[in-house]
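Quick notes on the structure that follows.
Nothing in this text is a laboratory measurement; each read-out follows from the coordinates by a stated rule. Worth saying up front: this structure is predicted, and the values here are computed from it rather than measured. Positions of Cβ are backbone-derived with ideal geometry, glycine not excepted, and every protein chain shown enters the neighbour counts.
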Amino acid sequence: MLDFDFQKFLFTASVWVLPILLAITMHEAAHGWVASKLGDNTAKALGRVTFNPFKHIDLFGTILLPAALLIMSGGQYMFGFAKPVPVNFHNLRSPRRDMILVAAAGPGANILIAVVSALLLHVAFRLPDPYAAFAGANLANLLMINVILAVFNLIPVPPLDGGRIAVGLLPRPFSLWLAKLERFGFLIIIFALFILPWIGDKINANLNVVWWAVLVPSQFVIDVIVTITGVK
């Protein structure tokens, strides 16, 4: 008979679910908020400039897909996405420049939350048990998740934020070529995240793109934040 510790399960679930919901909520709300300040009220009119996580959750991308991948991979892989905030770039006052600002707002919000989380760890460490353990675990995960989310979204492949930033920065011939990749962007991401590592395992080669493109730079950013904020 399995010895299921419900209290431990609830603790573990809460210290992951809460940071993930906050990270994706702030990320998407930041896109909509900056867009509204630059002339496009599409997201604001649809109620997407909000701290309500249910407005940003996609049933398939935020819940079903990550859960299925976790189960199928034995807890080794997880990938998901929130409901994208709609932005009409034609409404922006300076579409090319403002597209960069709107795209950068999401990762920027995540980095800001990561820094605040690190600072709040100083407070969490001084709380009485068991509050210290709960607050500390939430804040530590919030720091890590927000950095990973920011770094991942800055990969220069549309429709990720980094792809939109690159489209806005590159000379027109190159930006047009990169913009055309958006229709295949999701497939490219799935191939890089899951198919390439699987092929690498079969041919005994390290093709784990996630490691060098996301996890390594994420760890560097986390180390910088921890050093700056004095968290040990």
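Alpha carbon centre of the range 93-141 versus the range 199-228: separation in Å?
Each part reduced to its Cα centre gives a spacing of 21 Å.
Using the count of nearby Cβ atoms within 10 Å as a rough guide to exposure, how do L149, L187 rank from fewest to most?
Ascending number of Cβ neighbours within 10 Å: L187, L149.
To the nearest 20 Debye, how big is the dipole of the range 71-191 about its Cα centre, given +1 on the beta carbon of each Lys and Arg and -1 on that of each Asp and Glu?
Details: 9 positive and 4 negative charges, 101 e Å.
That gives the range 71-191 a dipole magnitude of about 480 debye.
Pick the calculated volume of the Cα convex hull per residue in Å³ for this structure from (i) 162; (ii) 120; (iii) 148?
The value computed from this structure is option (i).
Run the numbers for F54 and H122: contour at 0.36 nm per residue of separation, minus the present Cα-Cα distance, in nm. Before the final figure, lay out each step's value.
Working: separation 68, 0.36 × 68 = 24.48 nm, distance 3.01 nm.
Extra length from F54 to H122 when fully extended: 21.5 nm.
Estimate the FRET efficiency between I195 and K37 by the formula 1/(1 + (r/R0)^6), using the beta-carbon distance for r and 41 Å for R0, to the nearest 0.05.
That pair, I195 with K37, gives E of 0.55.
Using +1 at the C-beta of Lys and Arg and -1 at the C-beta of Asp and Glu, which of P197, P95, L65 has the Cα lying farthest in the positive direction of the dipole of the range 12-229?
Toward the positive end, the furthest listed residue is P95.
Could you check the spin-label model distance between I63 and Q219? Points 7 Å from the Cα along Cα→Cβ, value in nm.
3.5 nm
Tell me which DSSP H helices of the chain clear both cut-offs, 18 Å or more of axial length from alpha-carbon atoms and a mean Kyte-Doolittle hydropathy of at least 0.5.
The qualifying helices are 6-37, 95-124, 131-153, 216-229.
Describe numerically, in nm with one decimal, the distance between label points set 7 Å from Cα along Cα→Cβ at I228 and at W212.
2.7 nm
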